Amino acid sequence: MTGRIVCWFSCGAASAVATKLAIEENARGARLPLVVARCHVAEEHPDNDRFAAECEAWFGVPILLLRNERFAGSIYTVFERERYIVGPAGAPCTRALKKRVREAFQQAGDLQVFGYTSEEQHRVDNFIDANNNTRLWPVLIERGLTHADCLALVDRADIQLPAMYQLGYRNNNCIGCVKGGAGYWNKIRIDFPEAFLRMAALERKIGASIVRESGQRTYLDELSPSAGSYPKEPEVQCGIFCELAERDMRDGDRLAEAA
């Protein structure tokens, strides 16, 4: 079945590199209709818009902005309406603001590209098990690219990494991701005190805590400032797989210039 290629760009380094590689490989081969889509979330760092604009120029393909209007694209609206933050069922913000938006946008026959890196084969397996009707193109895994490789490739493309990476976060999630642990939230407390206080107030309002301290569920406003540990800087390195992928990108750019 032939359809579109849909690259899901999340303003992370991995999704940026996956998108770039998919665009160049498609241009050299199948030349299928290709869409780059971004699910916008209100609580992302504002620097993501700058990063997206630079990546859009790198891709040579416009980025389509999608949003769940029912929740105004906000994790807090999701939490307050569903009276649930995170737990065994996962985070409702991911389901409402990412998965449902993707499902509403996708079409039968689409070949979908996500930023799954070589460390995340288990995530691909889980995704396939849970989405049997979805065609997945794990372009980074095919090339053995790690998350660190993707950080380096974006840097070497002369695109400044998003602000969250610059601040030492390993992923470019929302400012105050409910999946983070005690160390992560203590870093948020320092870097983004307003976001920390907002989530702490929401916990009390809903009556649910999202982190553990010494094995016990603890409200953020009771979390010890010394609890947990979060690496200060992301690991940025580049190996042979990065070099091969970068060559593919350069070859694609040269073909585009000659067209």
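The values are calculated or read from the model by the stated rules, or taken from the named source; none is laboratory data. Fair warning: this is a prediction, and the values are worked out from it, not measured in the lab. Here Cβ is always computed from backbone atoms with ideal geometry, including for glycine, and neighbour counts include all displayed protein chains.
Assigned to a helix (DSSP H, G or I), touching a Gly at 6+ places or on another chain (Cβ under 9 Å) and acidic (D, E) - does that describe any residue in the stretch 67-76?
No; the residues of the stretch 67-76 include none that is assigned to a helix (DSSP H, G or I), touching a Gly at 6+ places or on another chain (Cβ under 9 Å) and acidic (D, E).
Would you check if there is a residue in the stretch 150-164 being among the β-branched types (V, I, T), at pLDDT below 90, in a loop (DSSP other than H, G, I, E, B) and closer than 30 Å to I23 by Cα? Break it down stepwise before answering.
Looking only at the stretch 150-164, we keep the residues that are among the β-branched types (V, I, T), and these are 154, 159.
Right, trim to at pLDDT below 90 and you get none.
No, the stretch 150-164 contains no residue that is among the β-branched types (V, I, T), at pLDDT below 90, in a loop (DSSP other than H, G, I, E, B) and closer than 30 Å to I23 by Cα.
Identify all residues within the stretch 101-144 that are out of contact with any helix residue (DSSP H, G or I) (no Cβ under 8 Å at 6 or more places or on another chain), over 18 Å from V35 (Cβ atoms) and modelled with pLDDT of 90 or more; write none if there are none. Answer for the stretch 101-144, where residues must be out of contact with any helix residue (DSSP H, G or I) (no Cβ under 8 Å at 6 or more places or on another chain), over 18 Å from V35 (Cβ atoms) and modelled with pLDDT of 90 or more: just E142. Residues in the stretch 77-114 that are buried (at least 17 other Cβ atoms within 10 Å of the Cβ), farther than 19 Å from N133 by Cα and of a type outside the set (A, V, I, L, M, F, W, C): 3 in all.
Within the set E44, E56, E24, the sole residue that is on the phi < 0 side of the Ramachandran plot, at pLDDT 90 or above, part of a helix (DSSP H, G or I) and surrounded by 19 or more Cβ atoms within 10 Å (Cβ to Cβ) turns out to be E24. Listed by first and then second residue, the pairs linking a residue in the stretch 128-148 that is on the phi > 0 side of the Ramachandran plot and surrounded by 14 or more Cβ atoms within 10 Å (Cβ to Cβ) to a residue that is of a type in the set (A, V, I, L, M, F, W, C) and at pLDDT 90 or above, with Cβ atoms under 6 Å apart and 6 or more places separating them unless they lie on different chains, form an empty list.
Given the structure, is R189 of a type in the set (D, E, K, R), assigned to a helix (DSSP H, G or I), within 22 Å of the chain's Cα centre (by Cα) and within 18 Å of I85 (Cβ to Cβ)?
Details: of a type in the set (D, E, K, R): yes; assigned to a helix (DSSP H, G or I): yes; within 22 Å of the chain's Cα centre (by Cα): yes; within 18 Å of I85 (Cβ to Cβ): yes.
So R189 passes the test.
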